[in-house]
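Below is one structure, written out as C-alpha cells, with a few remarks after it.
Please treat every number below as a calculation from the coordinates, not as lab data. This structure is a prediction, so every number in the text was calculated from the model and none was measured. So basically every Cβ, Gly included, is an ideal-geometry build from the backbone, and we count neighbours across all protein chains shown.
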Amino acid sequence: MPNQEAKTEAQAQMLANRLQKRFRHLSKWAKRIGAGAFRLYDRDIPEIPLVLDYYGEAVAGALYKRPYEKDEEDERRWLEAMRAAAAEVLSIDPRNIFLKRRERQRGSSQYEKIGERRFVRNINEGGLSFKVNLSDYLDTGLFLDRRLLRSMIRDEARGKRVLNLFSYTGAFSVYAAAGGAASTDSVDLSNTYLDWAKENFALNGFTAEKTDGKDAKYAHNNLIRADALAFLERSSAAGQHWDLIILDPPAFSNSKKMIAALDLQRDHTDLISRCLALLGPGGKLWFSANQRSFKTTAVELEATLAPRFPGVKVTDVSDKTVDEDFRGKKTPGSFVLAICGQKV
C-alpha cells in the first residue's frame, strides 16, 4: 500500500532525526560519567512506540503494544524500517539492533529466555562492569533506570550487612560490595540469574557463593536461591537482621516456585512491613516500585505503616534517582524508610 509505505518512510525519518539529536547530547554525557549504556529513545514520538537503549556497538529495544491492531506483516516491515533508520544514524550493523515485543508481563515471563544468539557484552557503569545479554531475554540484565539508585546504595553500604531481595543479576549487590559492605545477601528464585550475578561479582574482583540460605555458614557475598517471601518468613523466625535492605520487586509474579502470587500494588505494604521487621538499629530499607502505574506517597506509606512501626520515617527520593537519559520520563518511585522508634 503506497500510503502505508509513505507513512512508514516518514516515521523512519522522524525517528532518525530524533535519535541523531539525542545521541549527540547523551553520548557526550555518558562518556563524561563513565556510563557504557544509556536510554536513547523512549516513545518520544507517539506514532513510534519504541524504547531503545544504546550499548556501544549495539542497541537493545522493544516495541510496546499499540492501542490498535496492526497487520503482522505490516508491523514486521515497519520494524525493519525503524531498525534500518537507527542503524544508519548510529553507524551500527542492523543485525546488532535487537527489537523485542513488550506487553504487560505477568509471572516470570519477562525473565524467560526468548532467543539463543547470545549477544553478550560487558558494560561499564560507575567504575564497575556488568554482563548484559542483548539478544536472548526481554530485559538485558541491567536496568538502566536504576543507575543513580545503585550509586546511592554504594554510598550507604560501607560496613553494613546488606540484603538484596528479588536480586535479579545482582547489580545492587555488586555496588554494595564495591562500597565496602560487610556482607551482601542476594535472594532470587532463578539459578540462571544467580549464576549471572556470580559472574558480575567476579567481573569486579569479588567472590560470591551460591546457597539455599539455610546453611549455618555464610560467605562474604551470598547468592541465595529462595522465594523472597519464604526467605523473609524464615529470617524473621530465625531473628536475623540487616543494616540495609533493598526491595526492588517485579510488578507481578506468579511463579509456581513462590509460596504466593505477588501483585506489587496490592502487596507492597505487607512486603515493606516484613522488611522493616528485619532492620537492625539505625537500618534503612530502600524500596523501588518497578511498575509504571504504581501509586503511593511517602505520607501514605507512613500513615499505613505507623500502627506497627510508630517511628517510621519515609522519604521519597524518586527525583534524585532520575539520571540525564531518563529526564521527563515516567520512572520507578523510590523511597527510603527508617525506624526511629520501637517496633510494635
Crossing angle, helix 228-238 versus the chain [Cα axis fit, 0-90 degrees, rounded to tens]:
10 degrees
Working out 0.36 nm times the residue gap between D74 and E9, then minus their Cα-Cα distance, what length gain in nm do you get to one decimal?
22.1 nm
Sorted by mean Cβ packing within 10 Å, highest first, what order do the peptides 162-172, 29-39, 270-280 take?
162-172, 270-280, 29-39
Counting sequence-distant residues (5 or more places) and residues on other chains, those with an amide H built under 5 Å from that of L40 are L52, D53, Y54
Taking GluC sites (Glu not before Pro) as exposed when in a DSSP loop with at most 15 other Cβ atoms inside 10 Å, the chain has its longest clean stretch at 117-344
Looking at the range 272-344, which chymotrypsin sites (Phe, Trp or Tyr not before Pro) are in a loop (DSSP not H, G, I, E or B) and have at most 15 other Cβ atoms within 10 Å?
F294
Amide H neighbours of L189 under 5 Å, counting only residues 5+ apart in sequence or on other chains, H built in-plane at 1.01 Å?
A226
Choice from D139, D71, D185 showing the highest fluctuation, given a GNM over the chain with Cα pairs closer than 10 Å
D71
Computed ³J(HN,Hα) along the range 325-332: with the Karplus parameters 6.51/-1.76/1.60, θ = phi - 60°, integer Hz and x for glycine or proline, the list is 6, 10, 4, x, 10, 6, 10, x
Among the listed pairs K65/K131; K21/K295; K7/K100, which are separated by more than 24 Å between their Cα atoms?
K65/K131; K21/K295
Mean residue ellipticity (222 nm) of the chain, computed from DSSP H runs ≥ 4 via -39,500 (n - 2.57), nearest 500:
-10500 deg cm²/dmol
For the chain: relative contact order, % (alpha-carbon pairs under 8 angstrom, 6 or more apart):
12 percent
